[in-house]
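Worksheet: one structure, shown below.
Read-outs throughout are calculated quantities, based only on the coordinates presented, and are distinct from any laboratory measurement. Everything numeric here is computed off the predicted structure, so don't read it as measured data. Every residue, glycine as well, gets a Cβ built from its backbone with ideal geometry; the counts of neighbours run over all protein chains shown.
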Protein chains: 2
Amino acid sequence: MGRETGGMLQGTLGLLILKALVGEELHGYGIVRWIRQVSGDALQIEEGSLYPALRRLEDRGLVTARWTLTDQKRRARFYSLTPAGRQHLHQDASTWLHFSRAVTLVLAAEPSVI
Amino acid sequence: MGRETGGMLQGTLGLLILKALVGEELHGYGIVRWIRQVSGDALQIEEGSLYPALRRLEDRGLVTARWTLTDQKRRARFYSLTPAGRQHLHQDASTWLHFSRAVTLVLAAEPSVI
DNA sequence: AGTCTACCCTTGCAAGACTAGGTATCGCGA
DNA sequence: TCGCGATACCTAGTCTTGCAAGGGTAGACT
């Protein structure tokens, strides 16, 4: 916030990544593309944020990765959710909704600024 | 996110503080109380987060402070919005809404987790 | 040969929130 | 009177996280 760059809010990136993987196995580039598309170009993940975040999720056992070839015969590291990751996703999504609703509630309090 | 402590998302705290001051002059303790009440007990600001955040807002010229006595004759530092702070508040609130809507949109994408 | 896209990665930094302490004063009940 | 909760302030240190700014490889198309 308060940044002109439109930077991510701390902690949300992991949640979005987990969400991206809930339906399909994706590689890093694909995750970025998926989030951008689904958000209607509102969320653009930087690669310098993505790969460290993926590493953290892997370290925590929330995703697993394997090297494979894409349809275009390029090497890529495909990530998928672990059971723990799936569980975390639901938990974090719920937490996020509660939190964002609470913030919106506060912003809407009189005198409203939204 | 992913924290069991329910920690604030980075950057949101400043926004909430600015919002708390839009209608009235408040001291730190009052800001915490106001946010907790208006959010329906959902948001509890830690004092260890609050005072550094207030300092940052002051350094950026978004709030000003003055020492006064409360109704109960206790010394307290009352904060109020500067014009720049008011402007920032509107800007940041708008950014936050766009961002949170985008995240919610992503979370609601099929297969939905919310 | 050059350029574009798809893909991967790291180092180092800065911002921000929390933990865990600390201080002081007031009012109230035991 | 003694303690305790509430009101009020503060800081040092730590951790997490996202980003900027760099790096690389390989295929495809011109």
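Quick look at the values:
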{"item": "Single residue of region A:80-114 satisfying the filter (touching a residue at least 60 places away in the same chain (Cβ under 8 Å) and farther than 30 Å from B:V22 by Cβ) that is surrounded by the fewest Cβ atoms within 10 Å (Cβ to Cβ)", "result": "A:R86"}
{"item": "B:D71 being on the phi > 0 side of the Ramachandran plot and either of a type outside the set (F, W, Y) or in contact with a Ser or Thr (Cβ under 7 Å, 6 or more places away or on another chain) (or both)", "result": "no"}
{"item": "Checking B:L15 against (1) surrounded by fewer than 20 Cβ atoms within 10 Å (Cβ to Cβ); (2) touching an Asp or Glu at 6+ places or on another chain (Cβ under 8 Å); (3) facing another protein chain (nearest Cβ under 9 Å), the condition it does not meet", "result": "(1)"}
{"item": "Test for B:T95: is it within 14 Å of B:I31 (Cα to Cα) and within 16 Å of DNA strand D (Cβ to nearest atom)", "result": "no"}
{"item": "Verdict on A:W34 being away from DNA strand D (no atom under 14 Å from the Cβ) and either touching a Ser or Thr at 6+ places or on another chain (Cβ under 6 Å) or not in a loop (DSSP other than H, G, I, E, B) (or both)", "result": "yes"}
{"item": "Answer residue from region B:59-89, given it is within 14 Å of chain A (Cβ to nearest Cβ) and assigned to a helix (DSSP H, G or I) and is farthest from DNA strand D (Cβ to nearest atom) among those", "result": "B:Q87"}
{"item": "Condition check for A:I45: within 14 Å of DNA strand C (Cβ to nearest atom), touching a residue at least 12 places away in the same chain (Cβ under 8 Å) and not in a loop (DSSP other than H, G, I, E, B)", "result": "no"}
